[in-house]
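Notes follow the structure.
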Amino acid sequence: MSAEPQSKSLQDAEGNERADFPVRSQTHVQAWWRITQALGNATAPAEVIHAVVHEGIQALGARGGAVALPSADGKTLEIRNTFGYDPVAVAPWQTMPLERPTPVTEAYRQRTPLFIETGHQALHDYPALQTEMQNFSGSLATLPLMVRDQVFGVLMLTFSQQRSFDDVDRLFLSSLAGQCAQALQRSTALERTERLNEQLLFLARASEVLSSSLELDSVLDSIAHLLVPRLTDWCVIHLPSPDGQQLLPVTVVHQDPAMVSFLRRFIEDNPVEICAENGAGRVFTSGLPEIVPVVTDEMYDAILQSETWKDDVRHLQLRSVITVPMHANGQVVGVLGLARTSLDRVYGQEDVAFALEVAGRAGQAVEHARLYRQAQQEIERRQQAQKELDVANTSLEERVRERTQDLSEVNRELEAFTYSASHDLRTPVRHVMSFADLTRRALEKSQPEKALQHVDVIQRSALRMNALIDGMLSLSRVGGQTLSAQVVDLEALVRQGQQDIGVEFPGRPVHWDLGPLPPIWGDPSMLQQVMTNLMSNAVKYSSIREVSEVKVWVETREEAWMVSVQDNGIGFDARYTEKLFGVFQRLHPQREIEGVGVGLATVRRILMKHRGQVFAESSGNAGATFRFTLPKPQHSGQP
């Protein structure tokens with residue numbers, strides 16, 4: 001195109017604008033009047049936005065338009081109302097991150113109106129939006145809604161035909177946006193004032209409720225019903241459970257009773273633990289309030305929970321949430337949760353301050369109820385004195401029964417010991433006497449070879465007798481030894497046992513399979529005897545195998561530890577399990593497996609001192625498993 005025709009075209013356009021000026025001026029005045037009337041009748045922010053969109057956009061002759069407001073966290077712009085747009089076309093623009101370059105976000109960040117007169121200009125200025133704006137052929141204006149330096153949002157107008165925004169149009173549209181911003185500021189301030197009045201009225205009525213009763217459940221329920229539905233849609237008050245592990249929903253209020261029942265069932269299925277991973281539990285632990293101004297579907301999707309859990313939470317319709325601690329005398333005594341079910345008005349920091357004020361009053365109610373209960377308990381204390389004395393007597397009787405049972409057990413072992421001493425000790429003595437006589441005869445007959453054989457038998461019998469005496473002394477020492485209980489490093493006991501077995505069975509190939517070995521509670525020296533004895537037996541009775549396979553592990557239970565030692569040895573007949581733990585009792589001949597039959601009796605005696613038990617299991621040649629239990633101590637020093 002030559003310069004001359006282009007100049008002529010601009011001159012024609014300017015001439016047309018001058019000719020069209022009176023008409024446009026009249027149109028501007030009419031539009032101004034209609035919008036002023038609509039805004040004059042609007043008292044709430046939502047009404048102002050509706051007036052701007054549905055009255056203002058039509059009055060300006062635009063094809064469509066929208067108002068976008070900043071989100072509660074100030075990171076995005078969200079379209080709050082539209083006119084003349086296909087909902088499908090609006091969807092990609094519903095939430096716009098401020099860092100994304102668009103005509104709307106640019107007008108908000110730069111605080112200046114933007115006018116795009118052609119589709120070509122739109123694609124040139126915003127190449128990243130080619131997909132969204134490829135069919136755009138009209139004109140666009142984005143106007144920040146500002147009062148002084150404060151930006152409340154952005155008004156967006158689109159026109160079907162391309163048009164040139166001259167200085168008059170731009171001044172008029174900017175002035176109109178300023179008028180809308182002032183109305184929005186006015187209505188927001190009015191809404192805040194009304195909300196503040198509601199809060200003050202609530203606090204006054206809450207004080208009346210607190211002074212009217214000392215029944216905690218009734219007071220908390222009354223406070224929650226004052227909040228719903230005037231100031232919130234959901235109100236949940238949690239107090240710690242008696243064991244201090246969970247938060248229990250003592251008060252749940254919603255307009256719909258069915259929703260209350262649903263939430264209570266949900267909390268029963270998903271208890272609120274007092275821990276850092278849980279929202280209410282985290283607030284209880286830290287003593288600090290938390291606010292989620294806007295809860296989005298994307299936030300639900302990001303939670304690592306089942307789809308059923310997510311569907312249940314969506315059913316609660318939580319869209320803006322505040323969770324604050326309830327303090328009393330410097331302690332956190334509960335948690336107050338408030339939630340809204342729509343984004344018409346999300347929570348802000350002003351609401352957090354109010355929620356803390358409410359929570360403070362609820363905390364005082366909890367404290368008053370605590371003091372009331374203490375007074376009641378003090379009155380009942382004297383009435384319970386006799387019952388406590390009865391309980392003490394019962395406990396004493398129980399201790400007497402335990403000591404009597406211990407004495408009976410000792411007597412039973414003493415009887416077995418007396419029998420064994422008279423039987424088992426006599427056997428090597430008879431051997432010594434008999435073979436000593438045979439040795440004398442052999443020497444009289446000048447048969448030194450036979451005499452030497454007899455002397456070997458005498459020596460072996462003497463050694464066995466010595467071993468029996470050592471076993472009796474060891475068992476006797478255990479009976480008289482005082483228990484010195486403390487935290488015991490079980491891994492260290494097992495390592496020492498392995499070293500002792502290496503000395504006892506030099507060169508014996510052993511494969512050790514060691515499971516979890518947590519710290520336990522007991523007498524270290526006594527438990528070393530137990531572990532070494534059981535591990536040594538496992539290697540000894542599996543010596544018929546090419547390699548001894550020994551497994552040691554611990555199962556931690558609610559009230560005790562169970563320690564197990566398993567081998568791949570010859571096992572035993574399960575019918576005679578009880579005989580294993582008797583003094584000098586053996587299930588295998590001496591010629592097959594050496595031993596005197598005192599080790600397991602010693603193990604049993606040590607575990608009795610610890611109030612534990614010992615068990616043995618075997619299925620014949622498949623090996624044996626020995627297990628013993630150690631009760632956990634009933635105090636804070638347990639491992």
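The values are calculated or read from the model by the stated rules, or taken from the named source; none is laboratory data. Since we're looking at a predicted model, the values are computed, not measured. Note that each Cβ is placed from the backbone with ideal geometry, even for glycine, and that neighbours are counted across all protein chains shown.
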Check: Somewhere in segment 295-307, is a residue assigned by TED's automatic domain parsing to the domain that holds Val366, in a loop (DSSP other than H, G, I, E, B) and surrounded by 16 or more Cβ atoms within 10 Å (Cβ to Cβ)?
Finding: yes
Check: Arg192: basic (Lys, Arg), under 24 Å from Val260 (Cβ atoms) and either touching an Asp or Glu at 6+ places or on another chain (Cβ under 8 Å) or at pLDDT 80 or above (or both), yes or no?
Finding: no
Notebook entry, point to check: Within segment 308-329, restricting attention to residues that are polar (S, T, N, Q) and either part of a strand (DSSP E or B) or within 22 Å of Val260 (Cβ to Cβ) (or both), which residue is nearest to the chain's Cα centre (by Cα)?
Noted result: Thr323
Check: Which residues, counting only those in segment 68-79, are farther than 20 Å from Leu173 by Cα, of a type outside the set (Gly, Ala, Ser) and modelled with pLDDT of 80 or more?
Finding: Pro70, Lys75, Thr76, Leu77, Glu78
Notebook entry, point to check: Would you pick out the residues in segment 215-241 that are of a type in the set (D, E, K, R), surrounded by fewer than 19 Cβ atoms within 10 Å (Cβ to Cβ) and within 30 Å of the chain's Cα centre (by Cα)?
Noted result: Asp217, Asp221
Item checked: Breaking point among (1) out of contact with any strand residue (DSSP E or B) (no Cβ under 9 Å at 6 or more places or on another chain); (2) within 25 Å of Val294 (Cβ to Cβ), for Gln130 -> (2)
Next item on the list: Please state which of the following conditions Arg230 fails to meet, knowing it meets all the rest: (1) of a type outside the set (A, V, I, L, M); (2) in contact with a helix residue (DSSP H, G or I) (Cβ under 7 Å, 6 or more places away or on another chain); (3) not in a loop (DSSP other than H, G, I, E, B).
Entry: (3)
Check: What single numbered condition from (1) modelled with pLDDT of 85 or more; (2) hydroxyl-bearing (Ser, Thr, Tyr); (3) under 25 Å from Ser222 (Cβ atoms) fails to hold for Tyr347?
Finding: (1)
Notebook entry, point to check: With (1) more than 23 Å from the chain's Cα centre (by Cα); (2) loosely packed, with under 15 Cβ neighbours inside 10 Å; (3) closer than 24 Å to Leu343 by Cβ as the list, and Gly279 as the residue in question, which single condition is left unmet?
Noted result: (1)
Notebook entry, point to check: Out of segment 47-67, which residues are on the phi < 0 side of the Ramachandran plot, out of contact with any helix residue (DSSP H, G or I) (no Cβ under 6 Å at 6 or more places or on another chain) and at pLDDT 70 or above?
Noted result: Glu47, Ile49, His50, Ala62, Arg63, Gly64, Ala66
Next item on the list: Residues being out of contact with any helix residue (DSSP H, G or I) (no Cβ under 6 Å at 6 or more places or on another chain), of a type outside the set (Lys, Arg) and in a strand (DSSP E or B): count how many of those fall in segment 335-353.
Entry: 2
Margin query: What pairs come out if I take residues in segment 504-519 that are outside the structural domain of Ala538 (by TED's automatic domain parsing) and pair them with residues that are surrounded by 12 or more Cβ atoms within 10 Å (Cβ to Cβ) and not hydroxyl-bearing (Ser, Thr, Tyr) whose C-beta lies under 9 Å away, six or more apart or interchain?
Written below: none
Notebook entry, point to check: What pairs can you find where one residue is in segment 88-110 and not assigned by TED's automatic domain parsing to the domain that holds Asp297, the other is assigned to a helix (DSSP H, G or I) and charged (D, E, K, R), and their Cβ atoms are less than 7 Å apart, with a gap of 6+ or different chains?
Noted result: Pro92/Glu132; Leu98/Arg109
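One line per residue, one yes/no per condition, for (1) more than 46 Å from the chain's Cα centre (by Cα); (2) at pLDDT 70 or above; (3) not in a loop (DSSP other than H, G, I, E, B):
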| residue | (1), (2), (3) |
| --- | --- |
| Phe584 | yes, no, no |
| Glu592 | yes, no, no |
| Gly597 | yes, no, no |
| Arg604 | no, yes, yes |
| Val614 | no, yes, yes |
| Phe628 | no, yes, yes |
| Pro633 | no, yes, no |
Next item on the list: From (1) modelled with pLDDT of 75 or more; (2) farther than 17 Å from Val48 by Cα, pick out the condition that doesn't hold for Leu200.
Entry: (1)
Next item on the list: Take segment 296-350 and flag every residue that is closer than 25 Å to Ala68 by Cα and among the β-branched types (Val, Ile, Thr).
Entry: Thr296, Val321, Ile322, Thr341, Val346
Item checked: Leading residue by the ranking (nearest to Gly178 (Cα to Cα)) among those in segment 96-127 that are in contact with a Pro (Cβ under 8 Å, 6 or more places away or on another chain) and among the β-branched types (Val, Ile, Thr) -> Thr112
Check: Going through segment 352-397 one residue at a time, which ones are small (Gly, Ala, Ser) and closer than 30 Å to Val321 by Cβ?
Finding: Ala353, Ala355, Ala359, Gly360, Ala362, Gly363, Ala365, Ala369
Item checked: Qualifying position, being part of a strand (DSSP E or B) and within 16 Å of Leu630 (Cβ to Cβ), among Trp512, Trp553 -> Trp553
